[in-house]
Amino acid sequence: MDDTPTAPDVIRGEAATTVDRPLARVPLVLNRRNFSWITERISGVVEDRAPRWWWVCFTITASIAMFGLFCLGYQISTGVGVWGNNVPVGWAWDITNFVFWIGIGHAGTLISAILYLLRQKWRTSINRSAEAMTLFAVMCAAIFPGIHVGRVWMAWYLAPIPNNYGIWQNFRSPLMWDVFAVSTYFTVSVLFWYTGLIPDLATLRDRATTKIKKFLFGVFACGWRGSNRNWRHYEMAYLLLAGLSTPLVLSVHSVVSFDFASSILPTWHTTIFPPYFVAGAIFGGFAMVLTLLIPARSIFKLHDIITPQHIDKMAKIILLTGSFVTYAYGMEFFVAWYSGNSWERFAFWNRILGPYWWYWWTGMLFCNVLSPQLFWFRWCRRNILVVYFVCMCVNAGMWFERFIIIVGGLHRDFLPSSWGLFIPTWVDIWTFIGTLGIFTSLFLLFIRFLPMIAMSEVKIVLPEADPHAHGPMDHHPVQAGGMERT
Amino acid sequence: MRTPYGHEVYAMAAEYPSAPALYEAAKMVRDAGFKRWDVHSPFPIHGMDDAMGLGKSWLSAVVLIGGILGISTAMFIEFGSSWGLYPLIVHGKPYDWKVVPAFFPIMFELTVLFSAFAAFFAVLIMNGLPRPHHPIFNWDRFARASNDGFFLVIEARDPRFTEVEARELLERSGGQHITIVHED
């Protein structure tokens, strides 16, 4: 740990109660902010008038989103032929974008669920916005398989609805598993996110100044009043939702990888795919969390809540999952050689020297393997510009990785006579850029209308939230006498 | 119980300056033998369930039932349709015990889905929510319960409740702004 304590920031209570820990920890909320400061600062983001930059950004992203929706409409009304997909590359940007977006969502669930189970208290500063990001990313992801089926009005065939057309689902198909995995993932993420929001919506309700706000926040806060008899069930529900989301998030990208792994194509037909995809998803997702939070933190002056320590820890997770991904890349090459399978060997030579060589050298090697190595150095993890640079590299690199896996596996298969390249059309390109617009527009709306940091959870990590705290408190002097533990 | 002005009394309530103070006060109220009382705080206070004498939440049992329902639903739509209602031969693969692993992903997903719904609805129903209007909201100081206020409320319905005893207990436990909260 490089969390060297600085004298004024040491949590006295924690230092005093844990004699076996030689170094006290740096607090998660800096400058000894108190409960009401947290409420004011985070609610203020929602309650103040929208700043001018917000309108500028929202105008741009919403315009891009509208053009993306136009591309969707054009594709649906005209047909999948408006894309560059053709034999032999039948899955191209559409499925690449699907895997890219669904992967980004995984970081939000990792932060909200897995870090919760692991008692990583620093997650409280980032979990709300990361979960929102999950929802918006999954929405963007869900667009692509929907329109990729071509006749989107028949998408309901995916669901096991009894009908008189003689149609029933093949539950042994990974594509069917995908439908269940992604829709369950979205639904559970919404439930988890909304459950976490209820206490904070109550805060906004109690602070609301207009009747409309009071009504709307009142409805969505469900009449929450912070009663401990309610918190008791609430905490159990939260714990169980975290426990349910943990295997769920691991299953979702595993199931996505089954779409490929259960086929017979070289580079797709591999057993390493499920863990490789999950690690890649968390890797890319954390990069996107930082991409969104670093500007938000500066704009809304949240430096005391999202501290350098938080960014440092997220950078370490990027380094860790980036190492998993690097190992998986290397293992793919090793197995291609070790298997002795000439198709497999050819496919991997083709990956680094074939027509898409620069995708591999820039996207996979430079962006995904090399750039996170900067995070071995504390200076890089604490330098916002370096962190942002690496995150941008990883965002791009993970898109390229999915493109290489999908198109790279398809464009040169077993018969050289059927080889061909994929050339995206303007509809391909603008549909993807459009989803970037949808994603950022939704995120901008989210930070305007809902508390972007979980207030009730950040308050728990303050030292004065601990009922067993020892030592003097700055904000709420506690009388002596009530200090013994039960 | 009514006030001299004719208001129905809901409870006697007090505010405490900090989470540790509320925690200690809760232990005193618990030991005094009250049953219908509650504490309100902007965040869950660690150890408060014990301080109030509450056991473990049995919400987990509801979630277990949800999970069992989920896996049963998945087994019904998979096994039921494949072996009885609508056997669909794809890729020439017949149905026997060897295909069962291919059904696991959907069994897992529906287990999680139903459990999550059970957890969500159980937390609302067991807490009696949504309940937009509650007598405690009649106390204007109570708006701070979602910000930085710590409150303890002894309901008038409690069989041990008398105005004198409740006020004395809240005072002795360090409560401030002790007040009577009206029902309407």
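The values are calculated or read from the model by the stated rules, or taken from the named source; none is laboratory data. What you see is a predicted model, and the numbers here were worked out from it, not measured in a lab. Note: ideal-geometry Cβ built from the backbone for every residue, glycine included; neighbour counts use all protein chains shown.
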Might you check whether a residue that is at pLDDT below 90, in a loop (DSSP other than H, G, I, E, B), crowded, with 18+ Cβ neighbours inside 10 Å and touching a helix residue (DSSP H, G or I) at 6+ places or on another chain (Cβ under 8 Å) occurs anywhere in the stretch A:124-146?
-> yes
Filtered residues of the stretch B:36-54 (kept if assigned to a loop (DSSP other than H, G, I, E, B), more than 7 Å from chain A (Cβ to nearest Cβ) and modelled with pLDDT of 85 or more) | B:Arg36
How do the pairs read when you match residues in the stretch B:106-130 that are farther than 25 Å from A:Gly223 by Cβ with residues anywhere that are outside any helix (DSSP H, G or I), using Cβ under 6 Å and keeping only pairs 6 or more apart or on different chains?
-> B:Ile106/A:Phe171
Verdict on B:Glu78 being surrounded by 17 or more Cβ atoms within 10 Å (Cβ to Cβ), in contact with a Phe, Trp or Tyr (Cβ under 9 Å, 6 or more places away or on another chain), farther than 30 Å from A:Ile198 by Cα and not assigned by TED's automatic domain parsing to the domain that holds B:Trp37 = yes
Could you tell me whether B:Phe120 is in a helix (DSSP H, G or I), facing another protein chain (nearest Cβ under 7 Å), touching a Leu at 6+ places or on another chain (Cβ under 6 Å) and crowded, with 17+ Cβ neighbours inside 10 Å?
-> yes
Would you mention how many residues in the stretch A:250-270 are more than 10 Å from chain B (Cβ to nearest Cβ) and either surrounded by 24 or more Cβ atoms within 10 Å (Cβ to Cβ) or part of a loop (DSSP other than H, G, I, E, B) (or both)?
-> 11
How many residues, within the stretch B:63-87, are at the interface with another protein chain (Cβ under 9 Å from one of its Cβ atoms) and closer than 30 Å to B:Met126 by Cβ?
-> 4
Can we say A:Ala155 is without any contact (Cβ under 8 Å) to a residue 40 or more places away in the chain, surrounded by fewer than 18 Cβ atoms within 10 Å (Cβ to Cβ) and under 19 Å from A:Cys140 (Cα atoms)?
-> yes
All conditions in (1) more than 22 Å from the chain's Cα centre (by Cα); (2) at pLDDT 85 or above; (3) farther than 30 Å from A:Pro467 by Cβ are true of B:Gly66 except (1)
Residues located in the stretch A:163-215, provided they are at the interface with chain B (Cβ under 9 Å from one of its Cβ atoms), closer than 30 Å to A:Asn230 by Cα and of a type in the set (D, E, K, R) | A:Asp200, A:Arg205, A:Asp206, A:Arg207
Return yes or no: is A:Leu244 facing chain B (nearest Cβ under 10 Å) and within 21 Å of A:Leu191 (Cβ to Cβ)?
-> yes
Take A:Gly150 and decide whether it is small (Gly, Ala, Ser), assigned to a loop (DSSP other than H, G, I, E, B) and out of contact with any strand residue (DSSP E or B) (no Cβ under 8 Å at 6 or more places or on another chain).
-> yes
For B:Val90, state whether it is facing chain A (nearest Cβ under 7 Å) and exposed (fewer than 14 other Cβ atoms within 10 Å of the Cβ).
-> yes
Selection within the stretch B:4-31 - within 19 Å of B:Thr179 (Cβ to Cβ) and either among the aliphatic types (A, V, I, L, M) or assigned to a helix (DSSP H, G or I) (or both) | B:Val9, B:Ala11, B:Met12, B:Ala13, B:Ala14, B:Ala21, B:Leu22, B:Ala25, B:Ala26, B:Met28, B:Val29
